[in-house]
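Peer 1: Next up is a structure, given as structure tokens.
The values are calculated or read from the model by the stated rules, or taken from the named source; none is laboratory data. Keep in mind that what you see is a predicted model, and the values were worked out from it rather than measured. In this analysis, Cβ positions are derived from the backbone assuming ideal geometry, glycine residues included, and neighbour counts consider all displayed protein chains. Ligands, DNA and RNA are excluded from the accessible area calculation, which covers all protein heavy atoms including side chains. Shrake-Rupley method; radii C 1.70, N 1.55, O 1.52, S 1.80 Å.
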Amino acid sequence: MATTEIHRYLSVGERRIALDPEGYLVTLDDWTPEVASALAQEEGRTLTEEHWEVIAVLRDFYARFEHVPAMRPLVKAVGLTLGPEKGCSLHLMKLFPDSPAKVAARLAGLPKPTHCL
């Protein structure tokens, strides 16, 4: 579940998007592809088609199961949806360095995965 503590705001066009202390959306319904792009840009990332594929898998997973997967279930979900060459931790680490499950969830407008440090 997303935190309700507002740490700062992200400006996206005319909108101000509330973020928690870790950069996750306070209100999940604020997410749009433009918000994802603005979050990525803040981190110095450019979202490619491969990033958007993983974001779509994550958002679908959350819609179906009402929780955000940690790394192992994320790898499995990506593999089932996008194929084994994309469903591997090395591929996800290339796309989302640092912590693929956390970074991808934040860009997808979802809460921080449980069991992630």
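Peer 1: From the backbone phi of the range 41-56, what are the Karplus-calculated ³J(HN,Hα) couplings (6.51 cos²θ - 1.76 cosθ + 1.60, θ = phi - 60°) in whole Hz, Gly and Pro given as x?
Peer 2: 4, 4, 8, x, 9, 10, 7, 9, 4, 5, 4, 5, 4, 5, 4, 5
Peer 1: Moving on to the next point. Considering only protein heavy atoms and a 1.4 Å probe, what is the carbon-and-sulfur percentage of the accessible area of the chain?
Peer 2: 53
Peer 1: Using Cα pairs under 8 angstrom and six or more residues apart, how large is the relative contact order of the range 21-117, in percent?
Peer 2: It comes to 37 percent, rounded to a whole number.
Peer 1: In nm, to one decimal, how far is the residue 41 label point from the residue 66 one, both placed 7 Å along Cα→Cβ?
Peer 2: Inter-label distance under the simple model: 3.6 nm.
Peer 1: If the only charges are +1 at each Lys and Arg Cβ and -1 at each Asp and Glu Cβ, what is the size of the charge dipole of the range 15-89 around the Cα centre, to the nearest 20 debye?
Peer 2: Taking the Cα centre of the range 15-89 as origin, the dipole is about 200 debye.
Peer 1: Cut-off 16 Å, label point 7 angstrom out along Cα-to-Cβ of residue 52: give me the residues of the range 1-35 whose amide nitrogen falls inside.
Peer 2: 32-35
Peer 1: Shifting gears a bit: How large is the convex hull of the Cα atoms of the chain per residue, expressed in Å³ as a whole number?
Peer 2: That works out to 96 Å³ per residue.
Peer 1: Same structure, new question: For the chain, take the longest principal axis of its alpha carbons; what is the angle in degrees between that and the long axis of helix 71-82, to the nearest 10 within 0 to 90?
Peer 2: With both axes taken from Cα atoms, the answer is about 70 degrees.
Peer 1: Follow-up question, since we're still on this one. Take peptides 99-107, 8-16 and line them up by average Cβ neighbours within 10 Å, highest first, as a rough protection proxy.
Peer 2: 99-107, 8-16
Peer 1: Classify the range 61-108 from the C-alpha gyration tensor, please: rounded if a/c falls under 1.5, else prolate or oblate depending on whether a/b exceeds b/c.
Peer 2: oblate
Peer 1: Per residue, how much accessible area does the chain show when a 1.4 Å probe rolls over the protein heavy atoms, in square angstrom?
Peer 2: 58
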